[in-house]
1. Please go through region 25-54 and give me each residue that is surrounded by fewer than 16 Cβ atoms within 10 Å (Cβ to Cβ) and of a type in the set (Ser, Thr, Tyr), ordered by number.
2. Would you check if residue 89 is within 28 Å of residue 145 (Cα to Cα), outside any strand (DSSP E or B) and either modelled with pLDDT under 85 or touching a Pro at 6+ places or on another chain (Cβ under 6 Å) (or both)?
3. Given the criteria farther than 21 Å from residue 96 by Cβ, assigned by TED's automatic domain parsing to the domain that holds residue 221, at pLDDT below 90 and surrounded by 13 or more Cβ atoms within 10 Å (Cβ to Cβ), does residue 254 qualify?
4. I need the full set of residues from region 156-178 which are of a type in the set (Val, Ile, Thr), assigned to a loop (DSSP other than H, G, I, E, B) and more than 8 Å from the chain's Cα centre (by Cα), in order please.
5. Given the conditions (1) at pLDDT 85 or above; (2) within 29 Å of residue 152 (Cα to Cα), which single one is not true for residue 247?
6. Can you confirm whether region 135-152 contains a residue that is in a loop (DSSP other than H, G, I, E, B) and either under 30 Å from residue 262 (Cβ atoms) or in contact with a Phe, Trp or Tyr (Cβ under 9 Å, 6 or more places away or on another chain) (or both)?
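The values are calculated or read from the model by the stated rules, or taken from the named source; none is laboratory data. Just so it is clear, the structure is predicted and the values come from calculations on it, not from any experiment. Every residue, glycine as well, gets a Cβ built from its backbone with ideal geometry; the counts of neighbours run over all protein chains shown.
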Amino acid sequence: MDGSVFWENDWNPAIEHLVKRLRRGGIAFSCEPDDFVVGRQLGNGGTSFVYEAMQARDGTPVALKVLNPKSELGTDEAIASLAIEIIVGRHSNSDRVIEHKGYGCTDSVIFIARELAHAIPYQSVRDLPPKNAANYFWQFCESVLAIHGIGFAVVDVVPSNFLLCERGIVLADLGSARRVRCDAAGSETVTSTVLAISQRTNRELGHAQIVTEGAYAWDVAGLALIFFESLTGMKAPGTEYFPYLPCKAVSIPRPSSVSKTTLPVFDEIVTQMFDQFRATDPISLSVFASRLREIAGHDSDHL
C-alpha cells in the first residue's frame with residue numbers, strides 16, 4: 001500500500017491547532033509518513049484506522065493508528081480521542097499497556113506508531129480454566145492500575161480494548177481515557193480535560209465533563225463484567241447498558257450460579273468488584289489485584 005492514508009484528506013485547521021498545543025505540552029511529533037512502509041489495514045475503530053507497517057530504515061514492524069477525519073462520531077471527537085491516546089500512551093511505562101514508539105502528523109491527519117503485538121482480541125476468550133482465569137485477571141487489574149497511576153480513568157473497560165499476547169494481557173485502546181480531577185471535597189470527577197503531564201508544563205487543551213464521581217471505581221466494575229463473561233461465557237444479565245442505567249438498577253449474579261464449572265473462589269471477588277461503582281468507600285483495585293495474583297499462585301487443584 002502507498003502512503004495515501006496520510007495524504008488523501010484535506011487540510012484541517014483543527015488538527016494544526018491541536019498539534020501546536022500538544023507540542024507546547026511537551027509532545028514531540030518526530031515521525032514522518034515516509035518513515036514507514038504501510039501494509040494492510042488491521043482494524044477500524046470508528047475514530048481511527050490501524051495499519052500494519054514497518055519502519056523504512058530497518059524493517060521493524062509497527063502498527064500505525066491513523067486518525068479517521070471522516071469519523072461518524074465527528075472530526076472533533078475523533079481528534080480529541082487520538083490526542084488523549086497520545087498523552088496517556090506517552091506517559092504510561094507499563095508492559096500491561098500497548099507501547100507507543102512515536103507520533104507524527106500531516107496537514108490532514110495525526111498518527112501513532114505503536115508496537116505491533118502478535119495477539120488476539122481478548123473478547124474471543126471464553127470459559128477459562130481457574131488458574132488461567134486468575135492469572136489473566138490480575139494482569140487486567142495491573143493494566144488499568146497503570147492508567148490510574150498517571151491520573152486517568154480508562155472509562156471504556158470492555159473486552160475488545162484488551163489484547164492477549166505473548167506477555168499476557170495488554171490494554172490496547174486508550175482513546176476513551178479521561179483525566180481524573182479531584183473536586184473541592186476530594187472526590188474524583190472524570191472530565192475530558194486533556195492535560196499534557198510534563199515536568200515542564202501542564203497545559204489544559206480542552207474541557208467537558210462527561211461522568212460523575214467515582215471514576216476509578218467504575219473502571220473496577222467494568223473489569224468485573226469482563227471477568228464474569230470470561231468465567232461463564234455470557235454477559236452478566238441486565239448489564240447490556242452499563243454504566244448508563246441508574247446505579248441501583250444494576251446487579252450481577254454470582255458467576256458460579258450461572259456456570260457450574262466456575263469455582264466459588266471467584267464469586268466474592270467478581271461481585272464485590274462490580275459493586276464498587278456504588279460503594280461509599282470503594283476498595284482500591286490494587287487490593288483485588290493482589291488477591292487474584294495470590295489465587296493464580298496456588299495449585300489449581302486446591303482453589
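1. 30
2. Considered against the rule, which asks whether it is within 28 Å of residue 145 (Cα to Cα), outside any strand (DSSP E or B) and either modelled with pLDDT under 85 or touching a Pro at 6+ places or on another chain (Cβ under 6 Å) (or both), residue 89 comes out as no.
3. For residue 254, the condition - farther than 21 Å from residue 96 by Cβ, assigned by TED's automatic domain parsing to the domain that holds residue 221, at pLDDT below 90 and surrounded by 13 or more Cβ atoms within 10 Å (Cβ to Cβ) - is not met.
4. The one that is of a type in the set (Val, Ile, Thr), assigned to a loop (DSSP other than H, G, I, E, B) and more than 8 Å from the chain's Cα centre (by Cα): 158.
5. (1)
6. no
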